[in-house]
Amino acid sequence: MRTRIVKACGDPVLDGGIMEQAARIIKEGGLVAIPTETVYGLAGDALNPDSARKIYEAKGRPSDNPLIVHIAREEDMDAIAKDIPDEAYAAAERFWPGPLTMVLYKKDIVPYETTGGLDTVAVRFPENPIAREFILAAGGYIAAPSANLSGRPSCTTAEHCRQDLDGRIEMIIDGGEVGIGLESTIVDMTVKPPCILRQGYINEAMLQEVLRDVGSDDAGHEVPDDSRPKAPGMKYRHYSPKGKLCIVQGERDSVISEINRLIREKESRGYRAAVITSDEDKDRYDIKAPVMVIGSLDDEDMIAHRLFSILRELDDMGIEYIYSESFDTPRLGKAIMDRMLRASGNNVIRI
Ligand code: AMP
Ligand code: MG
C-alpha cells in the first residue's frame, strides 16, 4: 500500500479538499494518521469493526487493548455512552475540547472490536483544529490510538508516523509538531470515586476542581500479563526506545557522578551510550557521549513535549545504553515519570 503524506493547516477552507479525501478513506474502512494536541493518532471508523481490526494490525497491537473513541461535539458522547454520571458532564464542560479521556459504559452501537471486548468505551474530544475538522468530516466517531507501532515511543511529528507506518496505512495528515507531547489523561468514570487510569497533562489537582474525589491506579506498572487490569493497555510494554533505558534517581550530585561513571564504563567496553539531562545540568557531564538536553527544569511543558522525540532521536543515533535523570516536576512530573518508567521497563537505579 502507498501511504500519502499531506500537509494541513487547521483552516477549514484551505484544508477542505484534504479532509474530503481523508473522510472518504475512513468511510471506506481505511486508516489515516492525524495530529492531535497530545500525540499523533491512528484514525479509523470507531463504529466499523473491520476498521478496528485494521488498526490493531497496522500497529501490531494486541486486540484486547482498547481504542479511544474521538468525537468533535460534546453531545456525541451521549450517542456512544450510557449511564453517564453528572460528574462526567461536568468534566466534559471544564476540560473538553482537550487532553482528557473518560471511560464510560458503551452503547450497543460501539463494536466490541473497538473496546477490546469491554462493556466500556473511552471517549475524548480533542482540541486540535485539524483533528476536529477531520473527525466531523469522517462521520463523528473516530477510533484513534497513538500512531506508533505497538511498544514504540508515541509520535509527535508526521515524520515519526512515516517511520512507523509507511506502507501500512492510506494517509498521514501532517499538521506539524504536536503541542503537548504526552497522551491524554484517562479517567474511569464508571467507578466511585472516578479513578485516573493514565496520568497526563490534566493532573489530579485539576480534576479535583470538578470531581470532588478522584483516585488513581498507579499500580499499573507491574501488572502480570494474564490479569485484567482496569486500563488493559497498561499491561503491555510501552514507549520503548531500541536502546536500553535506565533511570538514575537520588540526590542530584550523586546522580550526575553515577551517570558519568556508568557511561564511561559502557564506552570503555565499546558500547554507544548517552545521557538525558536538563538544561541546568548539561555542563556537568564530563563524557564524550551525546548529552541530550530535554529542557529546563523550570519548563516542564518542554520536558513533556520533548520526551518521546528524544527517545526516537537516540534510536536514530544507534545508542545502545541511555541513562536519564528523573524529571519529577511539580505539575506534570507524574505523567512524565509514568512514561519514562514504562519506557525503561522499570529499570531504575536508586542511589
Ligand atoms: P493509546 O490509544 O495508545 O493512547 O492507548 C489507549 C489506552 O486507553 C489503552 O491502552 C487503555 O489503557 C485505555 N483504554 C481505552 N479504552 C478503555 C476502556 N474502555 N477501559 C479502560 N481503559 C481504556
Ligand atoms: Mg499508545
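Nothing in this text is a laboratory measurement; each read-out follows from the coordinates by a stated rule. Remember, predicted model here, so these are calculated numbers, not experimental data. Every residue, glycine as well, gets a Cβ built from its backbone with ideal geometry; the counts of neighbours run over all protein chains shown.
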For LYS192, list the lysines whose Cα falls under 27 Å from its own Cα; do not include residues on the same chain fewer than 8 positions away. LYS82, LYS106, LYS107, LYS230, LYS235, LYS334
Taking the Cα of ASP64, stepping 7 Å toward and past its beta carbon, and measuring to each backbone N in the stretch 85-118: which are under 14 Å? 116-118
Using the Kyte-Doolittle scale, which helices in the chain average at least 0.0 and also have C-alpha atoms spread 15 Å or more along the helix axis, with helices defined as whole DSSP H runs? 12-27
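Residue separation times 0.36 nm, minus the C-alpha to C-alpha distance between ASP299 and ILE351: what's the value? Display every interim value, and only then the final one.
Working: separation 52, 0.36 × 52 = 18.72 nm, distance 2.55 nm.
Length difference between fully extended and current span is 16.2 nm.
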Once TYR105 and GLU159 are pulled to full extension, the length gained, defined as 0.36 nm per residue separation minus their Cα-Cα distance, is 15.9 nm
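Please find the FRET efficiency linking ASP166 to ASP11, where r is the Cβ-Cβ separation and R0 is fixed at 30 Å, and quote it to the nearest 0.05.
Details: r = 27 Å, r/R0 = 0.89.
Efficiency, from the Cβ-Cβ distance: 0.65.
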Given axes a ≥ b ≥ c from the Cα gyration tensor, I'd like to know whether the stretch 1-85 is rounded (a/c under 1.5), prolate (a/b larger than b/c) or oblate. oblate
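Can you work out the FRET efficiency for the pair LYS27 and ASP86, with r the C-beta to C-beta distance and R0 = 45 Å, to the nearest 0.05?
Details: r = 35 Å, r/R0 = 0.77.
The computed FRET efficiency comes out at 0.85.
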If eta is 0.890 mPa s and T is 25 °C, what Stokes-Einstein diffusion coefficient results for the chain, Kirkwood Rh from Cα pairs, in µm²/s? 119 µm²/s
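For the stretch 302-351, take N as its residue count and report Rg(C-alpha) divided by 2.2 N^0.38 Å.
Normalised Rg, Cα atoms only: 1.15.
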The extension gain from ASP328 to ALA79, computed as 0.36 nm times the residue separation minus the Cα-Cα distance, is 85.7 nm
Pairs of Cα atoms under 8 Å, at least six residues apart: use those to get the relative contact order of the chain, whole percent. 19 percent
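Report, in cubic angstrom per residue, the convex hull volume of the C-alpha atoms of the stretch 115-215. All intermediate terms of the calculation are to be shown ahead of the outcome.
Numbers: hull volume 13.8 nm³, N = 101.
Here the figure is 136 Å³ per residue.
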